[in-house]
Amino acid sequence: MGSPNCRRGYSLVDTAVMVLLLGTVLGTAAPLGQRVVANYQLNTAVRALSSEVAETKIRAVKVNSVATVKLESNREYTVVGSWRQLPNMVRFDRASDDSLAFNGLGALTAGTTQRLVLVNRFDERRELRVYAAGGHEIRKL
């Protein structure tokens, strides 16, 4: 057995120092974590939107009729009449066109390149550029 004067455990000063260090680490890591989540949501949203634009083009060709992707608000849009919502940290930028419409040949009815721009709360941007002939690409702005 140990001597009766031997103390085990941590003092109040030890505990206070550890709480201070832990608070400092968490205080600096939390904003970084939010930025990572916001960037992940932005990339996921632009890939999903790109896929839906491609599906809309295919549907227009398949039914030989006009099919659209239409922005309803800065966070909501419809794809061939079906409502969709962007993740919490992502919205459409004002630079986005209001809608994309594909004709029965799979080309944009507007006849010119159109774009949809997504932005997260940290002002990181991704552009989905759709060309007149119906092709599209994603760009980091």
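Does region 112-124 contain any residue that is free of Cβ contacts under 8 Å to residues at least 40 places away in the same chain, more than 20 Å from Ser73 (Cα to Cα), not in a strand (DSSP E or B) and not hydrophobic (A, V, I, L, M, F, W, C)?
As a first pass, look at region 112-124 and keep what is free of Cβ contacts under 8 Å to residues at least 40 places away in the same chain: 112-115, 117, 123.
Imposing the further condition that a residue be more than 20 Å from Ser73 (Cα to Cα) reduces the set to 112-113.
Now drop any that are not not in a strand (DSSP E or B), which leaves 112-113.
Still in the running and not hydrophobic (A, V, I, L, M, F, W, C): 112-113.
Yes, region 112-124 has at least one match.
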If we keep just the residues of region 72-94 that are part of a loop (DSSP other than H, G, I, E, B) and in contact (Cβ under 8 Å) with a residue 24 or more places away in the chain, which is nearest to Gln114 (Cα to Cα)? Asp93
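Has region 89-97 got any residue that is within 20 Å of the chain's Cα centre (by Cα), more than 24 Å from Val130 (Cα to Cα) and either surrounded by fewer than 10 Cβ atoms within 10 Å (Cβ to Cβ) or not hydrophobic (A, V, I, L, M, F, W, C) (or both)?
Looking only at region 89-97, we keep the residues that are within 20 Å of the chain's Cα centre (by Cα), and these are 89-97.
Imposing the further condition that a residue be more than 24 Å from Val130 (Cα to Cα) reduces the set to none.
No.
Which residue, of Val53, Val69, is assigned to a helix (DSSP H, G or I), at pLDDT 80 or above and either surrounded by 10 or more Cβ atoms within 10 Å (Cβ to Cβ) or within 30 Å of the chain's Cα centre (by Cα) (or both)? Working first, answer last.
Details: Val69 fails: assigned to a helix (DSSP H, G or I).
Residue meeting the stated conditions: Val53.
Is it true that some residue in region 3-17 is surrounded by 10 or more Cβ atoms within 10 Å (Cβ to Cβ), part of a loop (DSSP other than H, G, I, E, B) and either modelled with pLDDT under 90 or among the aromatic types (Phe, Trp, Tyr) (or both)? Reasoning before the result, please.
Start the filter on region 3-17 by keeping residues that are surrounded by 10 or more Cβ atoms within 10 Å (Cβ to Cβ), which leaves 10, 14-17.
Narrowing the set further to residues that are part of a loop (DSSP other than H, G, I, E, B) leaves 10.
With either modelled with pLDDT under 90 or among the aromatic types (Phe, Trp, Tyr) (or both) added as a condition, the list becomes 10.
Yes, region 3-17 contains a residue that is surrounded by 10 or more Cβ atoms within 10 Å (Cβ to Cβ), part of a loop (DSSP other than H, G, I, E, B) and either modelled with pLDDT under 90 or among the aromatic types (Phe, Trp, Tyr) (or both).
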So is Thr68 of a type in the set (Val, Ile, Thr) and touching a Leu at 6+ places or on another chain (Cβ under 9 Å) or not? yes
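The values are calculated or read from the model by the stated rules, or taken from the named source; none is laboratory data. On a predicted model such as this, the values are computed, not experimentally measured, just so you know. Positions of Cβ are backbone-derived with ideal geometry, glycine not excepted, and every protein chain shown enters the neighbour counts.
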